[in-house]
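The values are calculated or read from the model by the stated rules, or taken from the named source; none is laboratory data. Keep in mind that this is a model prediction, so the values were computed, not measured. In this analysis, Cβ positions are derived from the backbone assuming ideal geometry, glycine residues included, and neighbour counts consider all displayed protein chains.
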Amino acid sequence: MERRNFLKSCACVAAIGTTAGLASKADAASKKPDSQRPKPGDLLVIEDGHGNARPISASELVLEAQQVMAFPQDPESGVIRSGSRFNKVMVMRLDPALMDETTKNNSEDGVVAYSAICTHQGCDVNSFVADKKEFFCFCHYSRFNPYAAGDVTNGPATRRLAMLPIKIVDDLIVVKEEFTRSPGYKK
Amino acid sequence: MSFAKRFGALTVAVAIAPAAFAVGGAAAAKSNPLDKYSPVTDSRLANPEPENWLQWRGNYQGWTYSPLDQINADNVDELVPVWSYSTGELEGHQAPPIVNDGVMFISTPNNQVIALNAETGKELWRYKKEIPEELFQLHPTNRGVGLYGDKVYLAATDACLVALDAKTGEEAWETCVADWQDGYYMTLSPLIAKGNVMVGVSGGEYGIRGHISAVDAETGEIKWKTHTIPAPGEPGSETWKGDAWKTGGASVWIAGTYDPDMGIAFYGTGNGGPWMPDTRPGDNLYANSVVALDVKTGELKGYHQYHWNDAWDWDEVSPPVIIDYEHKGKKIKGLVHAGRNGYLWTLERKKDGSIQFVDAEKYVKQNVFKSIDPKTGRPTYDPAHTPGTGKTVTFCPSLWGGKDWPPEAYNPKTGLFYIPAHENLCSEMGGVELGPRKSGELYIGVPIADILTNIRLAEGAEDHIGEIQAWDLKAGKKVWQFNIKEMNWGPILTTGGNLLFSGGSNDRVFRALDARTGKKLWQFRANSGITAVPSSWSVNGTQFIGVQAGWGVDAQRMQGAFDAVMDHTTVVPQGGVLHVFALKSKADKLIDAATR
């Protein structure tokens, strides 16, 4: 959050070499708890835009309903890891009978979590096309198969989405392992 | 250049500007135009030499006109490619080759600037700004660098303005005018006058509040910042309710035009945000307007709002073109704007900076405006074609408008005004309830899936959708039109050789028309679709035409929408290439000289 505040006030003039300072601040920010990647034990929560958050319960997820956008939260400190948009994940309930083995291993009771960052140009993958059973990126129309570990079904993306393995504990969705690959894209 | 020399150049650049890299071939060239680089002045920008193309539309007035006539309507069939250059970038290339005495600068997506020998195509240096890896924006493009003094200016997608040394490509300074993490970004070419480099911000779809900043060309200090939405208590604030002004959009993503005699810049502004009008009741000044700003102080001197409380995503970001014309026997110091709302607006720029409505005429199918007040230009709306939250309707033209961002052109020789238009195209759209805004997240209020399938075809669409229209402003009449089967995202160049050059279609064709009649005289099929501004320049007695090919951004999105509602899939390959043309009689000599 400090980085965000810093940049908000940054109608700044940077002389030669100051860009290096900006880069170091970015590096430092990426090490802060709110920017660290999800860790095993984190809860998946929904933010409301006013700094409030609530955990997602597995029972509220309806089969193949539009995905829920969530961030991981450290249950001990309460820090929500929304300092990096690469931590944004899509959570939804699928039919376990249609899942491939990898997807099944990374899910529980049909609930899956995927990185919401398109591997093509980094847009948010925020749509689910129900009749095709595919995630859809509005920027360039890339599509991904949530039943096949995020495999690309239509380009221009060429790399599958990162998956965030989860488990369900007391109806809450808990991170089981780190992302299956680095979320994000290459410029 | 040897590897050792190249490595050496890289080391020096990294030591001075760690966030960028610059490699140069300058030392190896026997005849390097950078050795005699001519500083760019106010006077040169106001009166550009015919052989140069010093700013993105050629002159302050926004004519996109070159007086050169070596290539003309009689010999354009002898135009051939003389060199091309791969930019190494995908996405939409939209910037023109900007040329100063034999040195060319092109900008590309991903915040890259390449300096080239404008005659031979030899690379002189290359700069690429390092951008935070988490940054993305809806329009990953750049519309051209600005030149002033011995510097080159790039408005980058992280909302920072960068000044480069024109001779080396090394960073001189960087000034951030907004926070990219809050949804702000920049894609426009800077407008430069009186020592101020002026830039505006994109991000209307993220709930930003638009503004224009002037940055000192030499020091990088911010001189003034003028918001396009007034704060409470400021004039115009009464046209907003509650806190809607804070997230009201009115972004500024196209460079303004400028009248040096008045010292006033004219900027177009984007639509209000979120998209549905009931989310921000009131007229919403100064969204969907032209604003007149004093370039020394940023003071708002006048405005004209093309339409109030927008409901159709009809950004009016294209600035009006400065043309003095005759209307009903009266000579008018004018402003002309082909609106995204489908009307061709003619206005008058008054001595005090205020803007007077003159006339408005439909140039494509438009079913929203029921009337236009003859004195003020204020339209009334048909509610049956005005969407809202929970209210889905159809309307024409589509949300991409009669003309989107691609610039019009004006040719003082033919006296005609040229518009790249979309005809026979409508939209179906409605809003949904919005949650609270989250910083850096889309804040539109229309489902993305609906936006992607919004296209509705009107009668006539089976014949054509894209058009190039030529208008006689004095007569107030369209005098010819050139049809394109599907979309036209082609900025227009017109020349003293009675020619008009443009691409814009999904067949990847770059074409030359007779500027007097619209007759097609020449064509070239490029590697990718062309949505960049073409330009023209001359070096050592040879006139060149240049344009970047590179399909992407909204053209690609419209293609996706077409494919979603039409029974076809169109493949337009991506990848940026600069194509440069000259007359065949010059070609062999040029290529021999470049490769000797």
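Looking at B:Glu428, B:Glu441, can you tell me which residue is surrounded by fewer than 23 Cβ atoms within 10 Å (Cβ to Cβ) and in a loop (DSSP other than H, G, I, E, B)?
After applying the criteria, what remains is B:Glu441.
If you take the residues of segment B:535-551 that are assigned to a strand (DSSP E or B) and over 21 Å from the mean Cα position of the chain (by Cα), which of them is farthest from B:Leu500 (Cα to Cα)?
My answer is B:Val539.
Does B:Lys246 qualify as being over 27 Å from B:Lys350 (Cβ atoms), assigned to a loop (DSSP other than H, G, I, E, B) and either of a type in the set (A, V, I, L, M) or touching a residue at least 12 places away in the same chain (Cβ under 8 Å) (or both)?
no
Residues to consider are B:Ala255, B:Ala265, B:Ala214; find the one that is more than 25 Å from B:Ile451 (Cα to Cα), in contact with a Leu (Cβ under 6 Å, 6 or more places away or on another chain), outside any loop (DSSP other than H, G, I, E, B) and at pLDDT 95 or above.
Just one listed residue meets the conditions, B:Ala265.
I'm trying to understand the selection: among the residues of segment B:182-211, which are basic (Lys, Arg) and either assigned to a strand (DSSP E or B) or crowded, with 24+ Cβ neighbours inside 10 Å (or both)? Quick ask: steps written out before the conclusion?
Filtering segment B:182-211 for residues basic (Lys, Arg) gives B:194, B:209.
Scanning segment B:182-211 gives a single hit, B:Arg209.
Given the structure, is A:Glu177 under 24 Å from A:Pro55 (Cβ atoms) and at pLDDT 95 or above?
Details: under 24 Å from A:Pro55 (Cβ atoms): yes; at pLDDT 95 or above: yes.
Yes: the conditions hold for A:Glu177.
Quick one: which of B:Ala19, B:Ala95, B:Ala46, B:Ala73 is at pLDDT below 90 and of a type in the set (Gly, Ala, Ser)?
Residue meeting the stated conditions: B:Ala19.
At pLDDT below 95, over 15 Å from the mean Cα position of the chain (by Cα), charged (D, E, K, R) and closer than 22 Å to B:Asn540 by Cα - does that describe any residue in segment B:23-33?
Yes - at least one qualifying residue is present in segment B:23-33.
Just one of (1) part of a loop (DSSP other than H, G, I, E, B); (2) of a type in the set (Gly, Ala, Ser); (3) away from chain A (no Cβ under 14 Å) trips up B:Ala178, so point out which.
(3)
Which ones in segment B:62-85 are under 22 Å from the mean Cα position of the chain (by Cα) and crowded, with 22+ Cβ neighbours inside 10 Å?
Correct list: B:Gly62, B:Trp63, B:Thr64, B:Tyr65, B:Ser66.
Of all residues in segment B:268-278 being of a type outside the set (Gly, Ala, Ser) and in a loop (DSSP other than H, G, I, E, B), which is nearest to B:Ile229 (Cα to Cα)?
Per the criteria, the residue is B:Asn271.
Among strands (runs of 3 or more DSSP E) lying entirely in segment B:466-515, which contain 3 or more residues that are under 16 Å from B:Ala526 (Cβ atoms) and modelled with pLDDT of 95 or more?
Correct list: B:509-514.
Just wondering, is there one or more residues in segment A:79-98 that are more than 17 Å from A:Ile168 (Cα to Cα), modelled with pLDDT of 95 or more and more than 12 Å from chain B (Cβ to nearest Cβ)?
Yes - at least one qualifying residue is present in segment A:79-98.
Tell me which residues, restricted to segment B:559-592, are in contact with a helix residue (DSSP H, G or I) (Cβ under 7 Å, 6 or more places away or on another chain) and surrounded by 13 or more Cβ atoms within 10 Å (Cβ to Cβ).
The answer is B:Gly560, B:Ala561, B:Ala564, B:Thr570, B:Val572, B:Ala582, B:Leu583, B:Lys584.
Hey, among B:Pro436, B:Pro397, B:Pro374, B:Pro420, which residue is in a loop (DSSP other than H, G, I, E, B), at pLDDT 95 or above and touching a Gly at 6+ places or on another chain (Cβ under 6 Å)?
On inspection, the qualifying residue turns out to be B:Pro397.
Sort out which residues of segment B:116-141 are part of a loop (DSSP other than H, G, I, E, B), away from chain A (no Cβ under 14 Å) and over 23 Å from B:Ala46 (Cβ atoms), and write them in order of number.
Passing the criteria: B:Glu119, B:Thr120, B:Gly121, B:Lys122.
For B:Glu119, which of the numbered conditions (1) without any contact (Cβ under 8 Å) to a residue 60 or more places away in the chain; (2) of a type in the set (Asp, Glu); (3) surrounded by 24 or more Cβ atoms within 10 Å (Cβ to Cβ) fails to hold?
Every listed condition holds for B:Glu119 apart from (1).
Would you check which residues across segment B:560-580 are aliphatic (A, V, I, L, M) and either under 23 Å from B:Asp463 (Cβ atoms) or part of a loop (DSSP other than H, G, I, E, B) (or both) and list them?
Selection gives B:Ala561, B:Ala564, B:Val565, B:Met566, B:Val571, B:Val572.
Give A:Phe179, A:Phe135, A:Phe144 a once-over and let me know the one that is in contact with a Leu (Cβ under 6 Å, 6 or more places away or on another chain) and under 14 Å from A:Met92 (Cβ atoms).
Result of the check over A:Phe179, A:Phe135, A:Phe144: A:Phe144.
Quick check on B:Ser427: is it within 14 Å of chain A (Cβ to nearest Cβ) and not aromatic (Phe, Trp, Tyr)?
Against the criterion (within 14 Å of chain A (Cβ to nearest Cβ) and not aromatic (Phe, Trp, Tyr)), B:Ser427 does not qualify.
Of all residues in segment B:433-446 being within 11 Å of another protein chain (Cβ to nearest Cβ) and under 27 Å from the mean Cα position of the chain (by Cα), which is nearest to B:Gln366 (Cα to Cα)? Spell out the reasoning first.
Of the residues in segment B:433-446, the ones within 11 Å of another protein chain (Cβ to nearest Cβ) are B:434-444.
Okay, now just the ones that are also under 27 Å from the mean Cα position of the chain (by Cα), so B:439-444.
On the way: B:Ser439: 35, B:Gly440: 34, B:Glu441: 32, B:Leu442: 28, B:Tyr443: 27, B:Ile444: 23 Å.
Checked segment B:433-446; the qualifying residue nearest to B:Gln366 (Cα to Cα) is B:Ile444.
Being within 30 Å of A:Phe138 (Cα to Cα), surrounded by fewer than 21 Cβ atoms within 10 Å (Cβ to Cβ) and within 14 Å of another protein chain (Cβ to nearest Cβ) is the requirement here; does B:Asp463 meet it?
It is false that B:Asp463 is within 30 Å of A:Phe138 (Cα to Cα), surrounded by fewer than 21 Cβ atoms within 10 Å (Cβ to Cβ) and within 14 Å of another protein chain (Cβ to nearest Cβ).
Counting just the residues of segment A:125-161 that are part of a loop (DSSP other than H, G, I, E, B) and away from every other protein chain (no Cβ under 14 Å), which one comes out farthest from B:Ala561 (Cα to Cα)?
A:Ala149
Filter segment B:220-275 for residues that are within 14 Å of chain A (Cβ to nearest Cβ), in contact with a strand residue (DSSP E or B) (Cβ under 9 Å, 6 or more places away or on another chain) and of a type in the set (D, E, K, R) and give the result. Outline the logic, then answer.
Pass one, segment B:220-275, residues within 14 Å of chain A (Cβ to nearest Cβ): B:220-227, B:243, B:246-247, B:274.
When the remaining residues are screened for being in contact with a strand residue (DSSP E or B) (Cβ under 9 Å, 6 or more places away or on another chain), the result is B:220-227, B:246-247, B:274.
Hits for segment B:220-275 are B:Glu221, B:Lys223, B:Lys225, B:Lys246.
What pairs come out if I take residues in segment B:355-376 that are touching a residue at least 12 places away in the same chain (Cβ under 8 Å) and pair them with residues that are among the β-branched types (Val, Ile, Thr) whose C-beta lies under 6 Å away, six or more apart or interchain?
B:Phe357/B:Thr376; B:Val358/B:Thr346; B:Asp359/B:Thr346; B:Ala360/B:Ile372; B:Lys370/B:Thr380
Scan segment B:151-172 and give yes if some residue there is over 24 Å from B:Arg44 (Cα atoms), out of contact with any strand residue (DSSP E or B) (no Cβ under 6 Å at 6 or more places or on another chain) and of a type outside the set (D, E, K, R), otherwise no.
Scanning segment B:151-172 turns up no residue that is over 24 Å from B:Arg44 (Cα atoms), out of contact with any strand residue (DSSP E or B) (no Cβ under 6 Å at 6 or more places or on another chain) and of a type outside the set (D, E, K, R).
Looking only at segment B:101-115, filter to residues that are part of a strand (DSSP E or B) and within 14 Å of chain A (Cβ to nearest Cβ); which one of those is surrounded by the most Cβ atoms within 10 Å (Cβ to Cβ)?
The selected residue is B:Thr108.
In segment B:142-175, which residue that is charged (D, E, K, R) and within 11 Å of another protein chain (Cβ to nearest Cβ) is nearest to the chain's Cα centre (by Cα)?
So the residue we want is B:Asp158.
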